[in-house]
Structures are given as C-alpha cells and as structure tokens.
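In what follows, a structure is listed as structure tokens, so that the remarks can point back to it.
The values are calculated or read from the model by the stated rules, or taken from the named source; none is laboratory data. Please read all numbers here as calculations on a predicted model, not as lab measurements. Because the Cβ atoms are built from the backbone with ideal geometry, glycine has one as well, and the counts that use them run over all protein chains shown.
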Amino acid sequence: MRRDVQRAALGLLLFGSLHAAPSYGDSPPAPRAQAEQSSLVLTDAALTQWKARLASAQASERLLAAKTIANAETGEGDGEARYASWLRQDLVSATPLLQRLIHAIWGQYPNPEYPRGPGKDPPMWLVRPEPPIPPKTPKNQRPRPHDPETVDWLTALAELDVKAEPLLASAPIDEVVKARAELLLKVALLRTLSQAGQRGSREAVYPVFEQAFVRDGLLRDECGRMVRAMGSPAIPGLIRIYNNRSKGNYKMRRYASYQLDRMDRLRPSKAIAAASDDLVRADIIHAYGEVLAIDAVEAVLEQVEARSRRVRREARWAWLRYVDGPPPPPPPKRKRKLPGGKEEAEEKEDYLTYRELATLALRRAHKSLFGQEPSDKLTARQLTDELFAFYDKQEEELFAKLFSSGEAHLNAGQPKLAVEEFGWILANQPDHPRRAEMAAAFRRYGEQVADQAERSNDDSLRSQAVGWLRHSVLLASTQPDVAKLRAQIHLLDGKLSLTHGGDGKSDFTAAMAADPNQGEARLYLNRMASKPQRRISWLRWLCLGLLAGGLILLGLWRRQTVSLK
C-alpha cells in the first residue's frame, strides 16, 4: 500500500513538473500566449526567433513579438549589453521606405534641411499632410488633426495594414513587410532599454540616445520619448553628452540640451533637487564633477553639506575637482567694443573659468558663515578645507545633542523615543563612533515590543521585535548577556515559524544552544518530542484520495461487468 502511494505521488510530481510555468531563453512560447510577456531575459537565439515573428502576416502575432521584446528583462548578466548590440545593428531597408512607414502611422521625423542657411525657414519636423476636408463640412463634424507626439509607434507599426496604405502602394510588398519588421524591432529594443533605464540602469541612455542620429534622425522622435521616459536615471548620461565640447559632438550636445530642457532638468540646481532618490542625486553630482560643468559650480557647493552621506561625499569630491583638480582651459580673449565704435586697448576674457567661479562662490560662503571676508592669502583649497571643517563640526554638534537626548529618553524609560533619535543618527552616519552605546536602547525597545506581542499574540509585533533585537546585536555583538539576546531572537523566530505552518524546531534548538537556561524553548522542544510525528503532507492525502477513488471506480466497473454477463 505504501509503495503504491509513493508511486502515485511520484507520478503527480512528474505531471506537475511537465505542466509547470515555462522559463525559456532560446525558444518563444506558443502564439496564444499572453499579449505582454515580462520577466524574461532573451538570448540571441530567442531574439532571432521573435524577430522572425515580427514579419508575420497576422497583426496579433506581430504585436505579441514586439511587446515580448519590449518587456524583456536585462537580468544580472549581459542582457542590457546584448540588447544594445542588437539595437546598434545597421538598418538595411531604404531610407525613403522607412520614412513612408513612419508617415503611414502618422509619426514624424526631423527635416534634414533644418536649419540650412540664412533667410530660410524650413519646418523642423516632416509630418504627413492631413487629408482634405470636404467643403462646407460643419466644424463639429471635422476630424481632429493627428498629433505625432501621441502616436504609439509599437502598436501602430504592428497593426499597420501595409496593403491598404496608399503611401506604400508603389513599393514591393515584400520590401515593405521587411522594412516594417526591421523598424518594429528597433522600436521594441528602444523600449527595452528605456525600461532598463527606468529601473536604474546608468548606461541604458547611451544606446537609445545614439539612435536619434541614425539615418538623419529617422527614429529621433521615438528616441526622445524613450529618453524622457527614463526620468532621473537618464540625467547623468545626458549631462556627460551635453558637456562634451568636442567638435564632432555639437549635434548630440544640442540634442542633449533639448532633452534636458524638455525634462526641466537643464539647470543643475533643478536637476539635483528633482532627483528621484539619493543614489541618483549622487550620480548626477558625480557627473557634474566629472565633466567640470561651469554652470554647476553653485549647485555642487550647495550639496557639500547635504544630510545624505552619499550625496555629501560625491558633492565634496566634485567640489575638490573644481578647486584643486585639472586646470581649466583658458577662456578666449577679445577686445570689447565701446560706445562710439571704439575698441578697448586690451583683450579680456569672455567668461570666468570654473575655478574662478568656484573661488568667488567660496569667498561668498565664507563671508556668510563667518561674518567677514576671508584672507586673500588663502587658496581655494584652504578655503574649502575650512568650509568642510565647519560643516563637519555642525554635524557633530547636532549628533551630540541627539545622542544626549536619546540617552535621556532611555534613562527615563522611553526606549521608543531613544530608538527614533539613535536611528536618525545611524541613518545619516552608519559608522558613528558611539554606535555600540546605542545597542541598549534597541534591545530594551525590542523586549518591550516582544512583551506586547506575547500579551496580544500578535505576529506583526513579534516580527518587529525580532528586527529591533537583531539591530541591537549588529550594533554591539559583545554586549553583556548577548547569548541570552540571541536565544530570545531564536525563540521569537520559532514562534513565528509555528504560526506560519512550520515546526520551529531548528530555531528552538538554536535558542537552547545560545542559552541552555532558555526554559520556554526547552518546553517547545519537549512537546515536540512527546508527540509522534505522523503528519502526512497534503500531497500524500491527495494521492491517497485519488487512489481510493480509483479503487472504488474499479470495483464498481467490475461489478457492473459481472452483472452484465
């Protein structure tokens, strides 16, 4: 009997494994799969198969393939680099045909003649003319004009009927289908990398930005949308492109400035303040310090006293590059014109260098903090050292006040308030020299929460208590009675395991190993030893039920067969 049950269970496990949700990398799912795939890292082989399905005769099939590629995950390996490599592959179809495809979905692409020479005023974007409206059509019945800014290129290209589109009637159908699949692959990969940028990738903006200059900017409109969709993580890359003043980069520099302006991040102070989190903010500041942006001097100086240690560290690194890093290139000089058509006798610089601007900003900050002009003998680096020392002293005084207040609350029997103040200190200075002294507050508060959990039998409070007690151990692993503290943590973990369907035996055993006098853990272990472990898993019960049902049906069938005979 037991052997039959085991065989039935094995059969069910094999059945379940064969019908489990697939995780593939080399072969796509069946066409009837969901319209939007996600959480997939596509290999080169899988991308090749999905690319082939972009040329399908069915619009739903094309849309499925495009969305699968667009929603692909980058994973922890080289997924992002692989997608970028595919995106950088050259277009094969003719440019006029691709342009007609874009106009067929009511998209737009930049005018290569803009701007071209004085006196000319060509349009910046080339758009498809609106169809003529019959005369005397009432205004309320006139169709709304198409807006190229709102076109969803992915869906529109996938659902485009190339045979019914008059703009494509003159081209061979095979070439049109091939061009549509090629363009659709580019758009899908742009969205793949844009989503990687939204998840925090620092490098995804570069391949997307590069595509804005392929074939005279054929994909520029879609590239701009994907760059802006990345949000703050795209800002460091745009800053580096915008501040690259090489001769061959002037078009990209102008386009990066345009995108920063569209995102309202062209001003360095706004770009830093509007960052989504401290990690992105630190990256933005690092980018400004890396390129030594002349317009970011004041914005970087404002961050050298930032509360976040990451932001403050990057701001001080960037500021030291301004005042003590590579020497700035000399600005151009020229003779300025005076009223009456005359010129000055001496040539003067057109602008101040970033080091001169940094020195002026330092002197203003010094006067504001100390109430007097700094000595002219002090260099910019010396002024910087004094400024940093002043801010560090202010922070130390603030932490000292908070530490004293936390100690007072702990001595007054208010560990919750003490933990709040100590937690604020640790959030801003994790390596605080007196962090070990804070462990007592976290331990007392954790024990207080644990008592509340025992009285109310509340698992959420019990979990919180475990967190506070573990924090205490991390702050001071050599505190008095640390073994009893570890035993208490294991005991609470064991109770949580019991409420979630486990037996907690390993946790109770660990509690006894840490503190042999832990009576409650011993009580739980004794209860387990006194009860025979005859648990049968739900799978075994299911197998037994199926087997019993099968035997009953077999007996009924045999009885019916005998009666018929």
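I'd like the residue in the stretch 299-353 that is among the basic types (Lys, Arg) and modelled with pLDDT of 85 or more and, out of all such residues, is nearest to the chain's Cα centre (by Cα).
Step by step, filter the stretch 299-353, then rank; the result is Arg310.
Among (1) in a helix (DSSP H, G or I); (2) closer than 17 Å to Pro148 by Cβ, which single condition is Gly217 missing?
Here Gly217 meets the rest and fails (1).
Return the residues of the stretch 489-525 that are polar (S, T, N, Q) and in a helix (DSSP H, G or I); say none if nothing qualifies.
If the condition is that a residue be polar (S, T, N, Q) and in a helix (DSSP H, G or I), then Ser497, Thr499, Ser506, Thr509 are the ones that fit.
Could you list, in sequence order, all residues of the stretch 412-451 that are polar (S, T, N, Q), more than 30 Å from Arg310 (Cβ to Cβ) and touching a residue at least 12 places away in the same chain (Cβ under 8 Å)?
Within the stretch 412-451, Gln448 is the sole residue that qualifies.
When the residues of the stretch 486-543 are narrowed to those that are more than 22 Å from Asp458 (Cβ to Cβ) and among the β-branched types (Val, Ile, Thr), which ends up modelled with the lowest pLDDT?
Ile536
Please go through the stretch 186-203 and pick out each residue that is within 20 Å of Met252 (Cβ to Cβ) and at pLDDT below 95.
Passing the criteria: Gly197, Ser201, Arg202, Glu203.
Of all the residues that make up the stretch 304-315, how many are part of a helix (DSSP H, G or I) and either buried (at least 21 other Cβ atoms within 10 Å of the Cβ) or free of Cβ contacts under 8 Å to residues at least 60 places away in the same chain (or both)?
Looking only at that region, the number is 6.
Please go through the stretch 325-373 and give me each residue that is touching a Lys or Arg at 6+ places or on another chain (Cβ under 8 Å) and surrounded by 15 or more Cβ atoms within 10 Å (Cβ to Cβ), ordered by number.
Selection gives Pro328 alone.
Of the numbered conditions (1) surrounded by fewer than 17 Cβ atoms within 10 Å (Cβ to Cβ); (2) at pLDDT below 95, Glu61 fails exactly one; give the number of that condition.
(2)
Residue check: is Leu98 touching a strand residue (DSSP E or B) at 6+ places or on another chain (Cβ under 9 Å) and either over 26 Å from Val205 (Cα atoms) or at pLDDT 95 or above (or both)?
For Leu98, the condition - touching a strand residue (DSSP E or B) at 6+ places or on another chain (Cβ under 9 Å) and either over 26 Å from Val205 (Cα atoms) or at pLDDT 95 or above (or both) - is met.
Can you tell me which residues in the stretch 220-236 are of a type outside the set (Lys, Arg) and without any contact (Cβ under 8 Å) to a residue 40 or more places away in the chain?
Correct list: Cys223, Gly224, Met226, Val227, Ala229, Met230, Ala234.
Just need a number here: residues in the stretch 474-488 that are β-branched (Val, Ile, Thr) and not in a helix (DSSP H, G or I).
Residues in the stretch 474-488 being β-branched (Val, Ile, Thr) and not in a helix (DSSP H, G or I): 1 in total.
Return the pair list, or none, for Cβ contacts closer than 9 Å from residues in the stretch 72-86 that are closer than 14 Å to Gly200 by Cα to residues that are of a type in the set (Asp, Glu) and assigned to a helix (DSSP H, G or I), at least 6 apart or on different chains.
Thr74/Glu80
Which residues, taken from the stretch 152-189, are outside any loop (DSSP other than H, G, I, E, B) and of a type in the set (Asp, Glu)?
Residues satisfying the conditions are Glu159, Asp174, Glu175, Glu182.
Does Gln429 meet the test of being of a type in the set (S, T, N, Q) and modelled with pLDDT of 90 or more?
Against the criterion (of a type in the set (S, T, N, Q) and modelled with pLDDT of 90 or more), Gln429 does not qualify.
Just to check your reading of the model, which residue among Asp278, Asp295 is over 17 Å from Thr384 (Cα atoms), under 20 Å from the mean Cα position of the chain (by Cα) and either among the acidic types (Asp, Glu) or at pLDDT 95 or above (or both)?
That would be Asp278, the only listed residue that is over 17 Å from Thr384 (Cα atoms), under 20 Å from the mean Cα position of the chain (by Cα) and either among the acidic types (Asp, Glu) or at pLDDT 95 or above (or both).
Could you list all residues from the stretch 185-202 that are touching a Cys at 6+ places or on another chain (Cβ under 8 Å) and surrounded by fewer than 20 Cβ atoms within 10 Å (Cβ to Cβ)?
Hits for the stretch 185-202: nothing passes.
Which one is farthest from Gln259 (Cα to Cα) among residues in the stretch 219-240 that are more than 17 Å from the chain's Cα centre (by Cα) and surrounded by 23 or more Cβ atoms within 10 Å (Cβ to Cβ)?
The residue in question is Leu219.
Of everything in the stretch 374-385, what is outside any helix (DSSP H, G or I) and either surrounded by 20 or more Cβ atoms within 10 Å (Cβ to Cβ) or among the small types (Gly, Ala, Ser) (or both)? Give them in sequence order.
Once the filter is applied, which keeps residues that are outside any helix (DSSP H, G or I) and either surrounded by 20 or more Cβ atoms within 10 Å (Cβ to Cβ) or among the small types (Gly, Ala, Ser) (or both), the stretch 374-385 yields only Ser375.
Can you tell me which residue in the stretch 245-303 is nearest to Pro327 (Cα to Cα), limited to those that are among the acidic types (Asp, Glu) and in a helix (DSSP H, G or I)?
Glu290
Among the residues that make up the stretch 207-218, is at least one of them within 15 Å of Glu80 (Cα to Cα), touching a residue at least 12 places away in the same chain (Cβ under 8 Å), crowded, with 19+ Cβ neighbours inside 10 Å and not hydrophobic (A, V, I, L, M, F, W, C)?
The answer is yes, given that some residue of the stretch 207-218 is within 15 Å of Glu80 (Cα to Cα), touching a residue at least 12 places away in the same chain (Cβ under 8 Å), crowded, with 19+ Cβ neighbours inside 10 Å and not hydrophobic (A, V, I, L, M, F, W, C).
Name the pairs whose Cβ atoms lie under 7 Å apart, with the first residue in the stretch 90-117 and on the phi > 0 side of the Ramachandran plot, the second assigned to a loop (DSSP other than H, G, I, E, B), and 6 or more positions between them or separate chains?
Trp106/Arg128; Trp106/His146; Trp106/Val151
Between a first residue in the stretch 486-512 that is touching a residue at least 24 places away in the same chain (Cβ under 8 Å) and a second residue that is of a type in the set (Val, Ile, Thr), which pairs have beta carbons less than 7 Å apart while being 6 or more apart in sequence or on different chains?
Arg486/Val473; Leu492/Val466; Asp493/Val466
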